[in-house]
Amino acid sequence: MSSDLQDLYQEVVLEHSKRPRNFREVPDANRQAEGYNPLCGDQLSVTLHMEGDVIRDIGFQGQGCAISRASASLMTGAVKDRTLAEAVALFERVHTLVTEGPGAVDVESLGKLAVLSGVSEFPARVKCASLAWHTLRAALEGRSTSVSTE
Amino acid sequence: MSTPGFDVRRVRADFPILHQDVRGRPLVYLDSAATGQKPQAVIDALTRFYTHDNANVHRGVHILSERATQAYEDARESVRRFINARDAKEIVFVRGTTEAINLVASTYGRKHVGPGDEVLISAMEHHSNIVPWQMVCDAVGAKLRVIPVDDRGELVMGAVDALLTERTRILAVTHVSNALGTVNPVRELVRMAHAKNIPVLLDGAQAVTHLPVDVQDLGCDFYAFSGHKLFGPTGIGVLYGRLDVLEAMPPYQGGGDMILSVTMEKTVYNRVPHRFEAGTPDMAGAVGLAAAIHYLESVGMAAIAAHDQALLTYATQALSAVPGVSLVGTASEKTGVLSFTLADVHPHDVGTILDREGVCIRTGHHCAQPLMKRFGVAATARASLAFYNTTEDVDALVRGLHKVREVFQ
């Protein structure tokens, strides 16, 4: 396997795609949003339970490729118990990571999310990695309209 | 594998783009259902037109305009011959299949479809043959009805007669499915619709590249296809319409060339087909399309169809032997389209790994989301063949799929 493919499909990515964390609807959700990637027909929903401006619980459901499932799964772990502002700031860093590569961002601060760095070598897959995050942001901002990666 | 009278090596030599390495490997192009590659003859025709003949058509008195007009109208005649229309006036140049269908929907459709009427399509249409009809139906209060598709990806012909009602104003159906490869029994559909005086539009975008098409033999009222899929340039396409039907249709877009005279009070529209070609047309595109047609005629559509079938048989067997591969669309009549899923691996991941092996396929819903829903998948991987593909291309695809299985084991 070529090295950039290895970077894209790291063990952690494959593991999260096979066994995504928080793949469920949050029972007492008070925020939710739907995301679509019209390019591939992927669909994803994010449900949240917020206490004040803190994300107390988060789940996602839907269908997508390994990258989109892993990204969504890692995201749910990363933003739990964070404030809205912290989650949005994390979104910005992850977006920079997947679009510009590991050199453009403090990778250390991203924890496990750093495994998404391989995506930057695959421009066609950036939307897969960012769909869950765009959807989270829409849910946090209380936008009722559907999110699209287009 | 070889097809009598057809030399795939010689054909490949005519397509410069095929001879390159990508990702450090020889390019294997299996996405011709999305767009076809261009033979040198087409590339040369475009260069020649812009180098020697370029001018606006139908309006200049000078030599270049005369040449450009001649080339543009010669191209119309080439298309007429290619699909065996009776009259070159039945050939309308448009941007592509999508515009051709929109043209019919917004002129014929708006005129003839009224409240409570029905438009009949099929469950295997791509979005270009769904959305324009939905728009007409929504605008006038008509209903879209749909011929179902069975598990093999064939139209349920037993349902058609009941779906063609006294309210049906048009039947619009694809000749060949872009996502399944199914060749529909379109002559039979035309016969059934015409028995009830219902006109038929055939979406031929995927058919013209694989099969000899004869619009008189098919008996359809409209036939739409794109130049770029037919190994010609992008931005040019064809709407064939039976002359009497076209002549009874209101114009599409207003502008130059579609008029005979204009005063501020009244416009007299030009004759068919110019009535439907407002503005400066894609002259170079038409010339390039004609070059593609001449090229295909020199190879021979019958030989192309035979090679396609032989390669499809080879590819179907080769793909079926890969563990986890499940073909979507197994109609008895097919062209070289192999839509498939691979166990638990999402088609996008299949596509990315194949790409790293130099193999270009399409992954996604192929602009046919209702059809994907019918088969219970969000997307498929699709390898689509053209006459320049070889068994080696198929072998590279299969090797790539084994790589995908390794990554996701």
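The values are calculated or read from the model by the stated rules, or taken from the named source; none is laboratory data. Keep in mind that what you see is a predicted model, and the values were worked out from it rather than measured. Neighbour counts are summed over all protein chains in view; Cβ atoms, including those assigned to glycine, are modelled from backbone coordinates with ideal geometry. The accessibility values were calculated without ligands, DNA or RNA, using every heavy atom of the protein model including side chains. Shrake-Rupley method; radii C 1.70, N 1.55, O 1.52, S 1.80 Å.
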Filter the stretch B:153-169 for residues that are under 21 Å from B:CYS367 (Cβ atoms) and in contact (Cβ under 8 Å) with a residue 40 or more places away in the chain; which is surrounded by the most Cβ atoms within 10 Å (Cβ to Cβ)? B:GLY153
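Filter the stretch B:394-407 down to the residues that are open to solvent by 30 Å² or more (accessible area, probe 1.4 Å) and more than 28 Å from the chain's Cα centre (by Cα), then identify the one that is nearest to B:ASP31 (Cα to Cα). Explain how you work it out, then say what you get.
Let us first name the residues in the stretch B:394-407 that are open to solvent by 30 Å² or more (accessible area, probe 1.4 Å), namely B:395, B:399, B:402-403, B:405-406.
Next, only the ones that are more than 28 Å from the chain's Cα centre (by Cα) stay: B:399, B:402-403, B:405-406.
Details: B:ARG399: 17, B:HIS402: 19, B:LYS403: 19, B:ARG405: 21, B:GLU406: 24 Å.
Looking at the filtered set, the residue picked out is B:ARG399.
Of all residues being open to solvent by 50 Å² or more (accessible area, probe 1.4 Å) and modelled with pLDDT of 90 or more in the stretch A:125-147, which is farthest from the other protein chains (Cβ to nearest Cβ)? Just the residue, please.
Taking the candidates together, the pick is A:ARG137.
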Among (1) modelled with pLDDT under 95; (2) under 15 Å from the mean Cα position of the chain (by Cα); (3) within 14 Å of chain B (Cβ to nearest Cβ), the one test that A:ALA72 misses: (1)
Go through the residues of the stretch A:3-21 one by one and say whether even a single one is open to solvent by 10 Å² or more (accessible area, probe 1.4 Å) and in contact with a strand residue (DSSP E or B) (Cβ under 8 Å, 6 or more places away or on another chain). yes
Hits in the stretch A:9-54 (condition: acidic (Asp, Glu), more than 11 Å from every other protein chain (Cβ to nearest Cβ), in contact (Cβ under 8 Å) with a residue 12 or more places away in the chain and assigned to a strand (DSSP E or B)): A:GLU34
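One line per residue, one yes/no per condition, for (1) in contact (Cβ under 8 Å) with a residue 40 or more places away in the chain; (2) at negative phi; (3) part of a strand (DSSP E or B):
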| site | (1), (2), (3) |
| --- | --- |
| B:LEU260 | no, yes, yes |
| B:ALA278 | no, yes, no |
| B:ALA310 | yes, yes, no |
| B:THR313 | no, yes, no |
Would you confirm whether or not the stretch B:378-397 contains a residue that is touching a Gly at 6+ places or on another chain (Cβ under 7 Å), under 20 Å from A:TYR9 (Cβ atoms) and modelled with pLDDT of 95 or more? yes
Checking the conditions here, which among B:VAL345, B:VAL328, B:VAL322 is within 14 Å of chain A (Cβ to nearest Cβ), more than 12 Å from B:HIS210 (Cβ to Cβ), open to solvent by less than 30 Å² (accessible area, probe 1.4 Å) and out of contact with any strand residue (DSSP E or B) (no Cβ under 7 Å at 6 or more places or on another chain)? B:VAL345
Could you figure out which of (1) within 18 Å of the chain's Cα centre (by Cα); (2) β-branched (Val, Ile, Thr); (3) open to solvent by 20 Å² or more (accessible area, probe 1.4 Å) isn't true of B:ILE236? (3)
Breaking point among (1) surrounded by fewer than 20 Cβ atoms within 10 Å (Cβ to Cβ); (2) within 14 Å of chain B (Cβ to nearest Cβ), for A:GLY62: (1)
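For the stretch B:349-362, which positions are within 7 Å of chain A (Cβ to nearest Cβ) and open to solvent by 20 Å² or more (accessible area, probe 1.4 Å)? Break it down into steps so the answer makes sense when it comes.
Keep residues of the stretch B:349-362 that are within 7 Å of chain A (Cβ to nearest Cβ), which gives B:349, B:352-353, B:356.
Scanning the stretch B:349-362 gives a single hit, B:ARG356.
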Neighbours by Cβ (under 9 Å, 6+ apart or cross-chain): first from the stretch B:16-44, modelled with pLDDT under 95; second among the polar types (S, T, N, Q) and open to solvent by 40 Å² or more (accessible area, probe 1.4 Å): B:ARG23/A:SER2; B:GLY24/A:SER2
